[in-house]
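Each remark here refers to the structure printed beneath this line.
The values are calculated or read from the model by the stated rules, or taken from the named source; none is laboratory data. Just so you know, these numbers come straight off a predicted model, no measurement behind them. Ideal geometry is used to build each Cβ from the backbone, glycine not excepted, and the neighbour counts take in all protein chains shown. All accessible areas refer to the heavy atoms of the entire protein, side chains included, with ligands and DNA or RNA removed. Shrake-Rupley method; radii C 1.70, N 1.55, O 1.52, S 1.80 Å.
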Amino acid sequence: KLVNNVFWKWDNILPPEFCHSSLEQIDWATSWDAKIGGVKGDIIDSETRRTDVLFQNQMQPLGCIARTYIEAANQQAGWNYMLAGQQDTQLSRYKSIDQGFYDWHIDADPPINNAQRKLSCVILLNDTSEFEGGELQFKTNEGKNVLTKQGTIIVFPSFIEHKVTPVTKGVRYTAVTWAIGPSFK
């Protein structure tokens with residue numbers, strides 16, 4: 001077993017008012033179709049991922065909040081990875097009109113300049129009554145939605161395989177960021 005804890009989670013940790021305020025500040029007119037990386041390079045592949053995204057500086061409130069919880073999860077879950085920074089926050093919108101989803105994938109990329117993604121953090125920004133589908137599932141417990149409440153923050157090792165099931169009604173909004181550190185050895 002590679003890790004004792006596949007994820008670390010805080011349910012409803014962010015108040016709905018904060019989540020709504022964060023969403024109101026996003027200009028979705030500037031978003032673009034999300035790409036996938038890895039062996040294929042950065043490409044748009046609507047058979048693997050269908051969502052639109054934009055990025056926010058990691059020093060904005062969502063990035064700062066994510067950093068706090070990433071550091072806490074790293075210790076509390078017993079991962080204790082060496083972390084050296086964080087990437088900008090990706091704001092994602094999964095729309096039912098597009099059956100927005102992201103098939104099985106990992107967030108970890110091969111190391112670049114001896115640095116790689118080590119921990120992923122997802123924050124659910126809207127209430128689950130506003131959409132259907134859009135479940136965050138891990139390969140280790142396939143079929144179980146692990147992100148079920150607005151304001152929930154979940155952190156997991158970036159090499160854990162996961163997916164977002166198709167959104168069949170409404171729109172699902174998340175903020176995602178990744179902690180980086182020296183290459184795993």
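Taking each of Lys149/Lys185; Lys118/Lys144; Lys95/Lys149 in turn, the alpha-carbon distance tops 26 angstrom for Lys149/Lys185.
What base-10 log of the normalised intensity I(q)/I(0) is obtained for the range 129-175 from the Debye formula, alpha carbons as equal point scatterers, at q = 0.14, 0.15 Å⁻¹? Debye intensities relative to I(0), on a log10 scale: -0.34, -0.39. Every helix of 4 or more DSSP H residues in the chain counts as -39500 (n - 2.57), and over all residues that averages to -4000 deg cm²/dmol at 222 nm. Just checking the listed ones, Leu147, Leu23, Leu124: in the Gaussian network model of the chain with Cα springs under 10 Å, the one fluctuating most is Leu23.
Largest first, the residues His162, His20 sort by 1.4 Å accessible area into His20, His162.
With a simple spin-label model that places each label point 7 Å from the Cα along the Cα-to-Cβ direction, the separation between Asn145 and Phe18 comes to 2.3 nm. For the range 18-35, backbone phi angles converted through the Karplus equation (6.51, -1.76, 1.60; θ = phi - 60°) give residue-by-residue couplings of 5, 4, 4, 4, 4, 5, 5, 8, 8, 9, 5, 5, 9, 7, 9, 4, 5, 10 Hz, Gly and Pro being listed as x.
Would you mind computing, in nm to one decimal, how far apart the modelled labels at Gln99 and Glu161 are, each placed 7 Å from Cα along Cα→Cβ? Result: 2.2 nm between the two label points.
Solvent exposure of the chain, expressed per residue, is 50 Å² of accessible area, with all protein chains present and a 1.4 angstrom probe.
Each Lys and Arg adds +1 at its Cβ and each Asp and Glu adds -1 at its Cβ; summed about the Cα centre, the range 1-144 shows a dipole of about 620 debye. For the chain, a Gaussian network of Cα nodes joined below 10 Å ranks Asp45, Asp109, Asp27 by mean-square fluctuation, and the top entry is Asp27. The residues packed around Arg172, meaning those with a beta-carbon under 14 Å from its beta-carbon, carry a net charge of +1 if Lys and Arg are +1 and Asp and Glu are -1. Each of Gln86, Val155, Asn114 was placed along the dipole of the range 63-185 (beta-carbon charges, centred on the mean Cα), and the one lying farthest toward the positive end is Asn114. The candidate values are (i) 1.33; (ii) 0.96; (iii) 1.13; the one derived from this structure for Cα Rg over 2.2 N^0.38 Å carries the label (ii). Counting Lys and Arg as +1 and Asp and Glu as -1 over every other residue whose Cβ lies under 9 Å from the Cβ of Lys95, the net charge comes to +1.
Treating r as the C-beta distance of Ala115 and Asn80 and R0 as 22 Å, the FRET efficiency rounds to 0.80.
Once the Cβ-Cβ distance of Asn57 and Asp33 is raised to the sixth power relative to R0 = 22 Å, the FRET efficiency obtained is 0.55. Per the Cα gyration tensor, the range 44-114 maps to an equivalent ellipsoid with semi-axes of 26, 16, 13 Å, ordered largest to smallest.
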